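Here is the structure we will look at, set down as structure tokens.
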Amino acid sequence: MKNGITESLYHVAIAVRNIDEVAKLYEMALGLKITHVEVVGEQGVKAAMLEPEGGGPAIELLEPLSDNSPISKFLEKRGEGIHHICFLVDDIESALERLKKEGVQLIDQSPRPGVHETRVAFIHPKALKGVLIEIAEKNK
Ligand code: ZN
């Protein structure tokens, strides 16, 4: 992979009020299975990854653990629904460098720890027509 350009769609994240309830719903409706659950204390968020049996992009459910969590604010403003889309990159530093060179507005200037042993950065939704995009590199 050259220039840190995206490799593949990694997950679509959904902000929810109760992960357990929504995970059951998605399992019933779509047959997705929970493959990972994690509390990201620093961001006040509980996350669960749901994957289709055949592999491929996952659904990430995000539940706020406190009122200060960015997910709480999202739920207050917009209710439950799609929060962001995440692409995998091979090299997050060069991806960020490329985005800066192109003048794309970023939320994160440098990578931070993400869910499930990744390093991640968010691109500002203003830069991409109202869609919050995350890029993630799997820890090697
Ligand atoms: Zn994500």
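Numbers for the structure displayed
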{"quantity": "Leading residue by the ranking (modelled with the lowest pLDDT) among those in the stretch 27-40 that are under 18 Å from residue 115 (Cβ atoms) and open to solvent by less than 60 Å² (accessible area, probe 1.4 Å)", "calculated": "40"}
{"quantity": "Condition met for residue 105 (in contact with a helix residue (DSSP H, G or I) (Cβ under 8 Å, 6 or more places away or on another chain), over 16 Å from residue 10 (Cα atoms) and crowded, with 19+ Cβ neighbours inside 10 Å)", "calculated": "no"}
{"quantity": "Set 72, 66: member being away from the ligand (no atom under 16 Å from the Cβ), crowded, with 17+ Cβ neighbours inside 10 Å, within 30 Å of residue 29 (Cα to Cα) and among the small types (Gly, Ala, Ser)", "calculated": "72"}
{"quantity": "Only one of 60, 80 that is under 18 Å from residue 16 (Cβ atoms) and in contact with a His (Cβ under 6 Å, 6 or more places away or on another chain)", "calculated": "60"}
{"quantity": "Some residue of the stretch 22-42 being closer than 23 Å to residue 123 by Cβ, hydrophobic (A, V, I, L, M, F, W, C) and not in a loop (DSSP other than H, G, I, E, B)", "calculated": "yes"}
{"quantity": "Hits in the stretch 47-61 (condition: assigned to a strand (DSSP E or B), farther than 15 Å from residue 118 by Cα and either open to solvent by less than 10 Å² (accessible area, probe 1.4 Å) or away from the ligand (no atom under 13 Å from the Cβ) (or both))", "calculated": "50, 51, 61"}
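The values are calculated or read from the model by the stated rules, or taken from the named source; none is laboratory data. No experiment lies behind these values; they were computed from the predicted model shown. Neighbour counts are summed over all protein chains in view; Cβ atoms, including those assigned to glycine, are modelled from backbone coordinates with ideal geometry. Just so you know, the surface numbers come from the protein's heavy atoms only, side chains and all, with ligands and any DNA or RNA stripped out. Shrake-Rupley method; radii C 1.70, N 1.55, O 1.52, S 1.80 Å.
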